[in-house]
1. Which lysines, on any chain, are close to K141 with Cα under 25 Å apart, when same-chain ones fewer than 8 places away are left out?
2. Using a Gaussian network model of the chain whose springs link C-alpha atoms within less than 10 Å, name the residue from D361, D197, D31 with the highest mean-square fluctuation.
3. Per 0.36 nm of contour for each residue apart, how much would the distance between K115 and C182 grow if the chain were fully extended, relative to their Cα-Cα spacing?
4. Determine the equivalent ellipsoid of the chain by diagonalising the alpha-carbon gyration tensor, then write out the semi-axes as square roots of 5 times the eigenvalues, largest first, rounded to whole Å.
5. Give the list, by residue number, of cysteines in the chain with no other Cys Cβ closer than 4.7 Å, or say none.
6. On full extension of the chain, what length is gained from V289 through F203, given 0.36 nm per residue of separation minus the C-alpha to C-alpha distance?
7. Only counting other Cβ atoms within 10 Å, I'd like V295, V364 sorted with the fewest neighbours first.
8. Which percentage, to the nearest 5, of the DSSP beta bridges contained in the range 155-327 is antiparallel?
Amino acid sequence: MENMKTKRIIGLMSGTSCDSIDAGLCEVTPDLKVKLIKGINHPYPDKIRDMIFKAFRGEINIKELCQLNFAIGHCFADAANILIKEFGKPDLISSHGQTVYHYPYDETLDGIKIKSTLQIGENSVISHDTDCVVVSNFREKDIANNGQGAPLVCFADSIWFKNSLVQNIGGISNVTVVSDDCETFGFDNACGNIMIDYCMNKFFNKKYDKDGEIAKLGTVSDAWLNELLSDEYYYKKPPKTTGREYFNKEYIEKFLQTAPKKKEDIIVTLTCLTAKSIALSYERFIYPVTKPEKVIIGGGGAYNKTMMNMLKSFLPDDIKLFSHEDFGISNNFKEVMAFALLGYCYLYNIPNNVPSCTGADKKVVLGKMVAD
Ligand SMILES: Nc1ncnc2c1ncn2[C@@H]1O[C@H](COP(=O)(O)OP(=O)(O)O)[C@@H](O)[C@H]1O
Ligand SMILES: [Mg+2]
């Protein structure tokens, strides 16, 4: 495309784990490569974070949801302003927002489609507080075009990688298949860290199992693992996406009724579930189409050593396991880099969804802009 220029873009993201607002100042070049200049993890204030978790569980009312949309906008702006203070105003802020509900199912009410998604963190507020142009709300247009609105990071993966499985392990785990043998496709494998985090909070009063140290102390219960793996999601064919709406408190509590007694055994079995469900999804849905050379892991799960050792043991010997860091891309800030790229594409009217990943009818330009 003519006249495309390198742009400095701050990507903003908070995932399903809700562990922090990730903000990254990036340089995006016309060849659609992204260089991270600096990334920060900016925590949500405690009461806001609590309210987000209540929102996930449907425990807030519509007034509180309305307030939360603006509050998260301010929090996202605070994260961006830390970078702006150090590096000056960027050309654009590209914000994923905070998903509070994702409902990519083909259901109707009075014959009207109710397939939908909701990311909040009002971009008018971000724009006001930072004095920047903001692009956000990327998922809606994909759903409007009959896609699932996810996974969106596939777009970046298809540009940045070759012949690889690009595996993210956040709250949810999702993979992009980039191969010379087929069109790029991707799907959510299943739950990534949500169940581990939930049980770490419940049994150990910790936010997560740092480096997989607690899991290391337990023994996997094969019986419980098989019970967990009998869930229908693992068998569902892609395109498929999931979220907290599915792997919710009731879901986890139901399975906890038959869990092993020792708390460490619960954590290690859930850790094994994530690794095993990823390996199984490759066997069921990817190897029949293409045999990748390597798997490149990103997201917080990449830091869980116990999970990584398990995953390695479940993969065929000829597939090598790497982290994003091995390719010069931060595990922690990969998603903000991907959203910086989506924002850049919005600016230049470049379609930035991958229909073979989301199931959308066609390629479209995702995003909504608020001027400064
Ligand atoms: N050092 C670590 N050891 C083990 N798990 C980690 C570590 N750091 C992060 N995680 C896990 O990763 C999650 C956050 O991953 P992230 O990629 O940010 O997910 P999301 O996109 O859902 O926010 C945390 O909730 C935690 O479960
Ligand atoms: Mg996160």
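Derivation of every value follows stated rules applied to the coordinates shown; laboratory data play no part. Please read all numbers here as calculations on a predicted model, not as lab measurements. Glycine gets a Cβ as well: all are built from the backbone with ideal geometry, and neighbour counts include every protein chain shown.
1. Straight-line reach from K141, under 25 Å: K7, K33, K113, K115, K236, K237, K240, K334, K362, K363, K368.
2. D31
3. Here the segment from K115 to C182 would lengthen by 21.3 nm.
4. Working through the eigenvalues yields semi-axes of 31, 24, 21 Å.
5. Cys with no partner Cβ under 4.7 Å: C18, C26, C66, C75, C132, C182, C191, C199, C272, C345.
6. Additional length available on full extension: 26.9 nm.
7. Details: V295 21, V364 16.
Lowest to highest Cβ neighbour count: V364, V295.
8. Restricted to the range 155-327, the bridges split so that about 60 percent are antiparallel.
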